[in-house]
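These notes concern the structure reproduced below.
The values are calculated or read from the model by the stated rules, or taken from the named source; none is laboratory data. Since the structure is predicted, the reported quantities are computational estimates derived from the model, not experimental observations. No Cβ is skipped: glycine too gets one built from the backbone with ideal geometry, and neighbour counts run over all protein chains shown.
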Amino acid sequence: MSAVDPAADEDPIVAAINAAEEISDPLDGVVEMTTADPGAPFVPEVLESLAALKKEDRAAFEALRAQLKKAGCRVTALDEAVAEESGDVGGRGAKQADILIELAQAATLFHAPDGTGYANVEVNGHRETLSIRRKAFKQWLCGIYFRATRGAPNSDALQSALNVIEAKAHYESPERVVHIRVGELDGRLYLDLCDERWRAVEIDINGWRVVDSPPVRFCRAAGMKPLLVPVPGGKVDALRTLLNVASDDDFVLVVAWALACLRDRGPYPVLVLSGEQGSAKSTFSSILRALLDPNTAPLRALPRENRDLFIAAINGHVLTFDNVSGLPPWISDTICRLATGGGFAVRQLYTDQDEILFNAARPVILNSIDDIITRPDLADRALILTLEPIPEERRRPEAELWAAVESGGPRILGALLDAVVVGLKRLPDTHLETLPRMADFAVWATACETALWEPGTFWAAYSSNRDEAVENVISADPVAVAVRGLMEGNMEWKGTATTLLNRLAELAGDRTVRSKAWPGPQQLSNRLRRAATFLRSVGIEISNSREGHEGARIIRITKAARPPTPEYRGQQPSASSASSASMPKPGRDGGFVAPDRLKTADDADGTGKGDAPVVSANWPETNGADGADDADAFSLPNSASEEPGTPGWRWRL
C-alpha cells in the first residue's frame, strides 16, 4: 500500500487562507511605538482605526487615549486629527464649547451691580442662584453636558464656554442685587434658610413666614450651613440660659446686636467679648453664629492681611474671630470700615489692572482674654462685654449644651423675628433726642425693643456700656491719661506741641515716656485728635489754632467746670455760662494765667522774640493768696454769674 499525501487531501480554500499573509490591527503596539516616535498615532491607518474605535467603543478609545498621552503623544492635536478623520469639522474642543454654550441656555443669566455674572438654574424643582465662575455652576454645566452626550468636556472647552456665558450675563442680561443670608425687597426682609430646597423666611409688618421661592436672589458660599427653621411662640429669654451673660444690661445688648444681624444693612456694632479663661467666650460666639449664620468653621483666627478679611466678608454674613491676642492699627481701622460700611478693593489674581470690589457692612464678633479695644474709633463702634468665669458646679457638657441649642433654637429665632416685625412697623416713627455714632443701630434697636422690654431699656443699657468704654479707652491711652491729669484743678491750658509734650511727660513719668506707646512731637497732634472724642465726653475739649505774626500752631485745652452728662444719655439742661473776662487765660509757654496778669512782649509785633515771655505763668492773687495759705493762690476765681450760696464755677462748654 502506498503512503497518503496530506497535501493532496487538503481543501483548496483552507490552503489559500493558510498561505495568505496575516494582516495586523494598526492599533496593536501603537503605545510602544509612540514612546519611541510621538508621531506614530498620526499615521493615516492608525487615525482611521482610532476614529472607528471612538465611534464603536468610546470607553476603549478614552483608555487608549490616556495611554498615548502618558507615552508622550500630543493628545490635543490627536483629537483634532481624529475629529477630522471622522468628518467632525471644527475639531473636538470647538464642538464641546458650542454644546456647552447651547446647553447653558437652560439657565437664566443676570449680573450683579459689581459686574459678576450669575445664573438661575432649576434643580429638583426649585431655583438656585449660582455664580458663573464658582465651582457649583461648573458642576451643574458639566452635569447637563454628560446627560446630553454621555461624555465629559475638556478643560479648554469648558473655559471657553464659561467666558462666553459670562459675557452674555454681563452684556445681554439684566442687573440684579445678590444677597448673602439676609436680603431686602420692597420693604420686606428675607432670611435665607440655606436648606436644600432654597427656602427663605419672609418678614414684613404683618408677620413672618417661610416661603419656597423668595423673590430676592441669594448666593451661597462654601461652608454655609442651614439655619434652624424658626418656630412661633418662643421667648427671647430662653437665649439667656445658653449664654454666660453677667447682667441684664449685657443680655439686652446681645439681643440688640442679634436683631441688627437680621437686617440687610448696617451699621453693625462690633460685639467684643472679654474675660478670663473658662468664661465660655468661644462657646458664646459659636452659639450666636449658629443661631444667625451657621457655618462649618464658625470660629476663625484673625486674618493677617486685608485681602483675607475681604474674602471672609464676601463668603459670610457674620464674621467671628476667636482668641484675639491684639489688634494692630491697620486691622482695627479695617474692622471699623466693615462695621459701618466701606469699600474694599484688592487686585484680582493673575491680572495687572482688574480689581475685586466689595462695598458692604458685616456683623463682627471678637473674643479675647485681654482688653483689645484701645483705639477710640473702634470703641465707638463696639459693644464691649466682660464675661464672668463659670463656677465648676454650673458647667455643662458641650453635648448637652448643643442639644439645648438644637431644641430651643427654632423658638428663640422665632422670638427674634417677632421683634423684627415690630421693628419694621415702628421704625418710621422712631426718633432719638440725641444720636450716637452708631445712630442707625440705636434707632433700629429702639424700634424693636417694645416687643421684648419696656421702652428705654435698650438706651439705658447702651448708654452705660458706652460710658464704660470711654473710661477704658482713656485709661489705656497714656496721652489721654496725662491730659486728664494736666487738667485736674485747671480750666484751660495753651501752648505749643513741644511744650505740651514736655508737660505731659512730667505727669506720665519716665517709664511711660520711654515706652513705645509714647509719641514724639510730630505724632502728638494725631494722638490728641484720636483721643479728642472721648476726652470731650468727660469735659475736656482740645482745639488747634495759629497765633502770632508767624502763625505758630497752638494747642488749646479747656475743661468744663462740671463734667458734662455723657452724650449717650440724652440732652440735659445746660448751666449758665461764665463771663469770658473772668476765665483764666493760658500762656504760650503752657502756664495758667489770669487776664489781668498777662505781660506783653518787648518786641512790637508781639511774636515773643523779645527777652520777656509773651505771657507769665504766674497765677492771679485771689482772696486766699496772702502767704498764709499758698494753696489758695492756685484756686480759680469765682464766676461773676455764680448764684448766691453756690460755690465754684458754672460754665457751659
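Just to be sure I understand, how many residues within the range 429-469 are crowded, with 22+ Cβ neighbours inside 10 Å and either in contact with a helix residue (DSSP H, G or I) (Cβ under 7 Å, 6 or more places away or on another chain) or aromatic (Phe, Trp, Tyr) (or both)?
Here is the first cut: in the range 429-469, the ones crowded, with 22+ Cβ neighbours inside 10 Å are 438, 441-442, 444-449, 458, 461-462, 466, 469.
If we keep only those that are either in contact with a helix residue (DSSP H, G or I) (Cβ under 7 Å, 6 or more places away or on another chain) or aromatic (Phe, Trp, Tyr) (or both) as well, we get 441-442, 444-449, 458, 461-462, 466, 469.
The qualifying residues number 13.
In the range 150-185, how many are touching an Asp or Glu at 6+ places or on another chain (Cβ under 6 Å) and hydrophobic (A, V, I, L, M, F, W, C)? Let's see the steps before the verdict.
Going residue by residue through the range 150-185, those that are touching an Asp or Glu at 6+ places or on another chain (Cβ under 6 Å) are 181-184.
Filter again for hydrophobic (A, V, I, L, M, F, W, C), leaving 182.
Adding up the residues that qualify gives 1.
So is Val121 β-branched (Val, Ile, Thr), surrounded by 16 or more Cβ atoms within 10 Å (Cβ to Cβ) and assigned by TED's automatic domain parsing to the domain that holds Ile101 or not?
Details: β-branched (Val, Ile, Thr): yes; surrounded by 16 or more Cβ atoms within 10 Å (Cβ to Cβ): yes; assigned by TED's automatic domain parsing to the domain that holds Ile101: yes.
Spelling it out, Val121 is indeed β-branched (Val, Ile, Thr), surrounded by 16 or more Cβ atoms within 10 Å (Cβ to Cβ) and assigned by TED's automatic domain parsing to the domain that holds Ile101.
Residues checked against (1) outside the structural domain of Glu85 (by TED's automatic domain parsing); (2) at pLDDT below 85; (3) in contact with an Asp or Glu (Cβ under 6 Å, 6 or more places away or on another chain):
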residue	(1), (2), (3)
Ser2	yes, yes, no
Ala15	yes, yes, no
Val31	no, no, no
Ala36	no, no, no
Pro44	no, no, no
Ala59	no, yes, no
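Can you find a residue in the range 444-451 that is at pLDDT 90 or above, among the hydroxyl-bearing types (Ser, Thr, Tyr), in a helix (DSSP H, G or I) and outside the structural domain of Trp518 (by TED's automatic domain parsing)? Outline the logic, then answer.
Initially, the range 444-451 is screened for residues at pLDDT 90 or above, giving 444-451.
Then drop every residue that is not among the hydroxyl-bearing types (Ser, Thr, Tyr), which leaves 446, 450.
Next, only the ones that are in a helix (DSSP H, G or I) stay: 446.
Retained after the next criterion (residues that are outside the structural domain of Trp518 (by TED's automatic domain parsing)): 446.
Yes, the range 444-451 has at least one match.
Here is a check on your reading of the model: is Leu413 more than 20 Å from Phe251 (Cα to Cα) and either at pLDDT 95 or above or not assigned by TED's automatic domain parsing to the domain that holds Ala290 (or both)? Can you show your working first?
Values: more than 20 Å from Phe251 (Cα to Cα): no; either at pLDDT 95 or above or not assigned by TED's automatic domain parsing to the domain that holds Ala290 (or both): yes.
No.
What pairs come out if I take residues in the range 535-554 that are part of a helix (DSSP H, G or I) and pair them with residues that are modelled with pLDDT under 85 and among the charged types (D, E, K, R) whose C-beta lies under 7 Å away, six or more apart or interchain?
Ser537/Glu567
Determine if the range 248-260 includes at least one residue that is under 25 Å from Glu454 (Cβ atoms) and surrounded by fewer than 14 Cβ atoms within 10 Å (Cβ to Cβ). Walk me through how you get there before you give the answer.
Here is the first cut: in the range 248-260, the ones under 25 Å from Glu454 (Cβ atoms) are 248-260.
From what is left, the residues that are surrounded by fewer than 14 Cβ atoms within 10 Å (Cβ to Cβ) are 248.
Yes, some residue in the range 248-260 is under 25 Å from Glu454 (Cβ atoms) and surrounded by fewer than 14 Cβ atoms within 10 Å (Cβ to Cβ).
Could you list all residues from the range 264-308 that are surrounded by fewer than 19 Cβ atoms within 10 Å (Cβ to Cβ), assigned to a loop (DSSP other than H, G, I, E, B) and charged (D, E, K, R)?
The answer is Arg265, Glu276, Arg304, Glu305.
Restricting the range 94-111 to residues that are crowded, with 19+ Cβ neighbours inside 10 Å and at pLDDT below 90, which is nearest to Leu27 (Cα to Cα)?
Gln96
If Val201 passes every condition in (1) in contact with a Leu (Cβ under 8 Å, 6 or more places away or on another chain); (2) at pLDDT below 95 but one, which one does it miss?
Only one criterion in (1) in contact with a Leu (Cβ under 8 Å, 6 or more places away or on another chain); (2) at pLDDT below 95 is unmet by Val201, namely (2).
In the range 393-412, is there at least one residue being within 30 Å of Asp186 (Cα to Cα), in contact (Cβ under 8 Å) with a residue 24 or more places away in the chain and β-branched (Val, Ile, Thr)? Working first, answer last.
Within the range 393-412, the first condition is being within 30 Å of Asp186 (Cα to Cα), and the residues that meet it are 409-412.
So of that shortlist, the ones also in contact (Cβ under 8 Å) with a residue 24 or more places away in the chain come out as 409-412.
Those left that are additionally β-branched (Val, Ile, Thr): 412.
Yes: the range 393-412 contains one or more residues that are within 30 Å of Asp186 (Cα to Cα), in contact (Cβ under 8 Å) with a residue 24 or more places away in the chain and β-branched (Val, Ile, Thr).
Filter the range 378-404 for residues that are surrounded by fewer than 16 Cβ atoms within 10 Å (Cβ to Cβ) and charged (D, E, K, R); which is farthest from Leu319 (Cα to Cα)?
This residue is Glu393.
I'd like to check something: does the range 221-232 contain any residue that is surrounded by fewer than 17 Cβ atoms within 10 Å (Cβ to Cβ), in contact with a Cys (Cβ under 7 Å, 6 or more places away or on another chain) and on the phi < 0 side of the Ramachandran plot? Break it down into steps so the answer makes sense when it comes.
In the first step, residues of the range 221-232 are kept if they are surrounded by fewer than 17 Cβ atoms within 10 Å (Cβ to Cβ); the result is 222-223, 225-226, 229, 231-232.
In the following step, the residues that additionally are in contact with a Cys (Cβ under 7 Å, 6 or more places away or on another chain) were identified as 225-226.
Checking which are on the phi < 0 side of the Ramachandran plot leaves us with 225-226.
Yes, the range 221-232 contains a residue that is surrounded by fewer than 17 Cβ atoms within 10 Å (Cβ to Cβ), in contact with a Cys (Cβ under 7 Å, 6 or more places away or on another chain) and on the phi < 0 side of the Ramachandran plot.
Taking into account only those residues within the range 487-528 that are over 41 Å from the mean Cα position of the chain (by Cα) and in a loop (DSSP other than H, G, I, E, B), which is nearest to Glu541 (Cα to Cα)?
Met491
Cβ-Cβ under 8 Å, sequence separation 6+ or interchain: first residue in the range 297-311 and under 23 Å from Asn359 (Cβ atoms) and polar (S, T, N, Q), partner surrounded by fewer than 14 Cβ atoms within 10 Å (Cβ to Cβ) and modelled with pLDDT of 80 or more. Which pairs?
Asn306/Trp330
Against the conditions (1) charged (D, E, K, R); (2) more than 29 Å from Asn206 (Cβ to Cβ); (3) over 25 Å from the mean Cα position of the chain (by Cα); (4) at pLDDT 90 or above, where does Asp352 fall short? Just the number, please.
(4)
What tally of residues in the range 474-501 results from selecting those that are aliphatic (A, V, I, L, M) and without any contact (Cβ under 8 Å) to a residue 60 or more places away in the chain?
Of the residues in the range 474-501, the ones aliphatic (A, V, I, L, M) are 474, 476, 479-483, 486-487, 491, 497, 500-501.
Then drop every residue that is not without any contact (Cβ under 8 Å) to a residue 60 or more places away in the chain, which leaves 479-482, 497, 501.
Residues meeting the conditions: 6.
Scanning for something part of a strand (DSSP E or B) and not hydroxyl-bearing (Ser, Thr, Tyr), does the range 384-396 turn up at least one residue? It would help to see each step written out before you state the result.
Going residue by residue through the range 384-396, those that are part of a strand (DSSP E or B) are 384-386.
Filter again for not hydroxyl-bearing (Ser, Thr, Tyr), leaving 384-385.
Within the range 384-396, one or more residues are part of a strand (DSSP E or B) and not hydroxyl-bearing (Ser, Thr, Tyr).
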